[in-house]
Amino acid sequence: MAFAPRLLLPPPPPARCPPPASARHGGRTAPELSGPTPRVVVVTSGKGGVGKTTTTANLAASLARLSLPAVAVDADAGLRNLDLLLGLENRVHLTAADVLAGDCRLDQALVRHRALHDLQLLCLSKPRSKLPLAFGSKTLTWVADALRRSANPPAFILIDCPAGVDAGFVTAIAPAEEAVLVTTPDITALRDADRVAGLLECDGIKDIKIIVNRVRPDLVKGEDMMSALDVQEMLGLPLLGVVPEDAEVIRSTNRGVPLVLNDPPTPAGLALEQATWRLVERDAMTAVMVEEQERPKKKVGFFSFFGG
């Protein structure tokens with residue numbers, strides 16, 4: 001049976017694109033784009049279920065709101081979900097597999113978002129369909145090169161990497177120059193993130209930043225959850241953003257409307273918008289715990305969870 005989440009919920013209101021809140025960014029209306037374009041960024045995690053696809057959808061939508069053209073690529077050949085989070089599941093008829101098979105042009109496989117003209121989606125293949133050819137590790141490298149040579153190249157190519165570190169991971173990271181590593185503040189996700197960071201560096205990707213997702217300040221204060229500062233110290237990577245636990249994520253996912261389009265904005269949406277600004281400017285944030293002085297000295301032994 002086809003998955004149709006829209007049938008389980010009341011019809012969503014027409015998608016609105018509220019203007020970015022310049023007050024949250026020192027009065028500036030847009031970030032300053034750093035480096036040559038298009039910038040190819042892979043969003044990865046290692047462990048599934050940490051919010052990687054949600055992060056990709058919201059970064060892409062936020063870039064488009066800033067008038068920075070973005071192509072979001074769902075690199076999961078068998079279990080794609082990015083189209084659902086962007087509300088485009090009924091409009092994906094052609095994929096990169098069709099392009100590489102010679103059945104269509106690349107521009108025909110790109111699906112433009114109705115509310116965000118600067119956002120396009122490209123899926124690697126159709127779900128539950130057999131690939132017409134064997135996808136090699138250079139598949140997305142070819143796609144990225146073709147987008148660079150296009151008449152109107154995007155400012156960003158965001159690649160939503162599949163979970164795991166198998167062939168799909170290798171294919172997804174091949175064209176990337178930067179990486180956003182999404183993790184949650186738990187030891188299982190952190191061990192996988194640490195492993196993925198090492199693989200990215202071995203592949204020559206040195207610009208790696210982390211987004212810590214689903215943070216609950218109440219649990220952090222009670223020492224029942226690691227803080228963003230703990231995570232940053234354990235992984236030894238710059239921090240792109242800290243996204244709090246937010247019930248609106250489920251509603252946003254089921255309606256196919258990215259969080260950054262919510263008006264009024266939600267806590268998670270604001271955090272992802274701010275992370276987008278840092279991504280554009282190649283900036284990072286500093287994790288600060290306001291209750292740090294009240295907390296007892298950290299327990300030792302966290303790194304033992306990573307194994308020897």
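Calculate the length of the line joining the C-alpha centroid of segment 206-235 to that of segment 25-74, in whole Å. One Cα centre to the other: 20 Å. Stretched out straight at 0.36 nm per residue, the stretch from D203 to D224 would grow longer than its current Cα-Cα span by 4.0 nm.
Which order do peptides 195-207, 54-66, 172-184 fall in by mean Cβ count within 10 Å, highest first? Walk me through the numbers before you get to the answer.
On the way: 195-207: 15.2, 54-66: 27.4, 172-184: 24.1.
Per-residue mean Cβ counts within 10 Å order the peptides as 54-66, 172-184, 195-207.
Between A30 and A287, what's the calculated FRET efficiency when r is the beta-carbon distance and R0 is 25 Å? Round to 0.05. Computed FRET efficiency for A30 and A287 comes out at 0.45. Here r is the Cβ-Cβ distance between D145 and A101 and R0 is 22 Å; the resulting FRET efficiency, rounded to 0.05, is 0.80.
Determine the sum of side-chain charges near G46: Lys and Arg each +1, Asp and Glu each -1, restricted to other residues whose C-beta is under 10 angstrom from that of G46. Neighbour charge sum, excluding G46 itself: +2. Counting only Cβ charges, +1 for Lys and Arg and -1 for Asp and Glu, the dipole size of segment 161-207 around its Cα centre is about 100 debye.
Measure off, as a whole percent, the carbon and sulfur share of the 1.4 Å-probe accessible area of segment 186-284, all protein chains present. Please list the in-between numbers first.
Details: 2040 of 4150 Å².
Percent of accessible area from carbon and sulfur atoms in segment 186-284: 49.
Taken one residue at a time, the phi angles of segment 75-92 give Karplus couplings (6.51, -1.76, 1.60, θ = phi - 60°) of 8, 8, 5, x, 10, 6, 9, 4, 5, 5, 5, 9, x, 10, 4, 8, 10, 8 Hz. Gly and Pro are set to x. Put simply, the amide H of E245, placed in the peptide plane, has neighbours under 5 Å in R214, V215, R216, leaving out anything fewer than 5 places away on its chain.
Between I250 and A167, how high is the FRET efficiency from 1/(1 + (r/R0)^6) when r is the Cβ-Cβ distance and R₀ = 30 Å? Nearest 0.05.
Working: r = 31 Å, r/R0 = 1.04.
The pair I250/A167 has a calculated efficiency of 0.45.
Placing unit charges on each Cβ (+1 for Lys and Arg, -1 for Asp and Glu) gives segment 133-269 a dipole about its Cα centre, and among P265, A193, T171 the Cα reaching farthest toward its positive end belongs to T171.
At 1.4 Å probe radius, can you tell me the per residue accessible area of segment 73-225 in Å²? Mind showing how you got there, number by number?
Details: 6920 Å² over 153 residues.
That works out to 45 Å² per residue.
The values are calculated or read from the model by the stated rules, or taken from the named source; none is laboratory data. Keep in mind that what you see is a predicted model, and the values were worked out from it rather than measured. Cβ coordinates were reconstructed from backbone atoms using ideal geometry, including for glycine residues, and neighbour counts include every protein chain displayed. Protein only, heavy atoms only, side chains kept; ligands, DNA and RNA dropped before computing areas. Shrake-Rupley method; radii C 1.70, N 1.55, O 1.52, S 1.80 Å.
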